[in-house]
Each structure stands twice: as structure tokens, then as C-alpha cells.
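Everything on this sheet refers to the single structure shown next.
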Amino acid sequence: MKKVFIAILAVALLLLLEAPIAFANPDKDKPLPATDVELVKKVTLRGKPGGGGKPVRQAATGTLGDNLGSGAKRYAIVVGISDYPGTGSDLQYADDDAMAMYNALIDVYGYKPANITRLTDMAASYGAIQNAIGDVKDKAKAGDEVVFFFSGHGAKGKNDPDGDGEKVDEAIVSHDGNPIGDFKYIWDGYLRAWFSGFATDRIIFIFDSCLSGGMTDLAAPYRVINMATTESGTGYESSYWGGGHGQFTYYFVEQGMAGEADRYDSIPGPDVTVEEAFDYARANCQMQTPTISDSFDNDLLL
């Protein structure tokens, strides 16, 4: 009997030792549970928003960092979800945000459509987003460029569902076509794990969602993380912004990247850097405060 007890105790200890490994490598088919999960909805405004632009500390330096080398490729994953399961959590313009980003990458910065994965509404499932990231990870070489854009809902939850040690974690909310209220949360630690091990360090993130300021878990050298709000902030969308966009996307992409943010004339032709677009968005956004985590040397031109 004593030997049996010792054997059971040994197995239990082994399982406890192995538990952190499971958290560090989340399985896309078995997302880890979180408690007190709260879906924080982006707010759709009716009519003209109040407030106005404000001066802020600039992220742009006016000095270009390293450009893409000869033969380097550019890849992007662009996600926008307006049609969530049911009707209570639907947005109006997140899919339009994704289209705006898709068009800007192609028309302004010369990205090849074949190198952009655009996922909207029901196509933007947990697995599809993870697989798109994995596909780019397999293709991207050292010196290439990767953009990840998301517009949709954010969420927060307790009990450290992604194993990163935070008491409260933030997530972006995917669409899996499940019954009403059954969303799939992609926690910040999951994204960090999915984006680890890339051959290239040149990765740009753009999040137009509530609580997106918490996505700094993705920070690493040569990465720039553009976030529509603070870690506890709410995002807004309205028909007032370009006929229908998230506020951050409108100022960052529709106006900023299109040329309005061009503060420093560094080179002939389109030369709005990521930092210039962010500065323009932050100066013009009302009722929300965009934040940035910039680990790129000087300014990054897409």
C-alpha cells in the first residue's frame, strides 16, 4: 500500500511540474479557460463626435531607420470583424477598417495582394488567425517585413489564461460562428507565443480594439505596436469618420498613411512612417488615447 501511495504522489508531482509547459504552448483546439472574462465592446457612435485634436509627445523622430533590403518581401495579416455571433455584439465598420488597411498596404506601400491574408467576419476564426500567422512565419525570412492588423472587440480576464504571469490579461476577440455569447478569445500571451521564433524582427502590429494598450506583451526589438487605446480604454467607431470606420483606423490609415500624417519629408513619393501615422492618429482621436510601443531604431517606413 505504501508503494502505491508513493507512486501516486510521484505522478501528481510530475503533472504539477509539467503544467507550466501546457500554459506556455496553448493548443488552438483547446483554449485555456479564464475566469471573470469581460467582453469590452467598441462603441458605435451616432452623429458627430465631440472633442478635438490635442498636441502630444511625438513618436516620430524624423530620421528613417533601416529600410527593407534588396529582395526582401513584405507580408500582412489583416483582420476585421463586424459580424459577431448573434446581433448584440455586432459592429458596423470593423470589416471596413480591414479593407482600408488592405488597400493602403497595396496602393500606398506597394504590398503584393498575394502576400496579404485578409480575414473578415466569420472567416476570422481563432484557428484561421493562428494558421495565417503560422503560414507567414513559415515564409518570412530574415530582413522581411510583417504587418498584423486587427479591428474588432477586445476582452479581459483573470486567472492568467495564457501563462504570462499577469493578474489580468487582455485579448482580441475572434469569430468562430458559435452560438450567441460563445466567443473565442486570443489572449495577449497567445499572440506572443504565435509571433515568437520569426526569422525576421521587423514586425508591425496595429490594434483597433478596446483594451488594446495591453498588447505590449508582444514587444521585442525592431517591433512597433500601435494600439488604439490604453490598457483599460474603450475604442469608438462612427459613420462620421470617412463614412464608417473605427476612429483609430480612420486617422492612422485612411488619413494618416494616405499622406495627411507626412510631417517629415524623408524621401520622394509616399513616405509616411509608422510613427508619423501614429502621431497623427493620437493627435486627432477623441475620447480615446492611442498608445505605442516602439522598439525600432528611429522611424519605420513600410
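Read-outs throughout are calculated quantities, based only on the coordinates presented, and are distinct from any laboratory measurement. Note that the coordinates shown come from a computational prediction; the quantities given were computed from them, not determined experimentally. As a convention, Cβ positions derive from the backbone with ideal geometry for all residues, glycine included, and neighbour counts pool all protein chains shown.
Remarks
- In loop segments of the stretch 84-164 as defined by DSSP, the trypsin sites (Lys or Arg not before Pro) with at most 13 further C-beta atoms inside 10 Å of their C-beta are 141.
- FRET efficiency, 1/(1 + (r/R0)^6) with R0 30 Å, evaluated for residue 107 and residue 87 via beta carbons: 0.35
- Packing-based order for 280-289, 102-111, using average beta carbon neighbours within 10 Å, highest first: 280-289, 102-111
- Two-site label geometry, residue 220 and residue 68: point separation in nm, points 7 Å out along Cα→Cβ: 2.0
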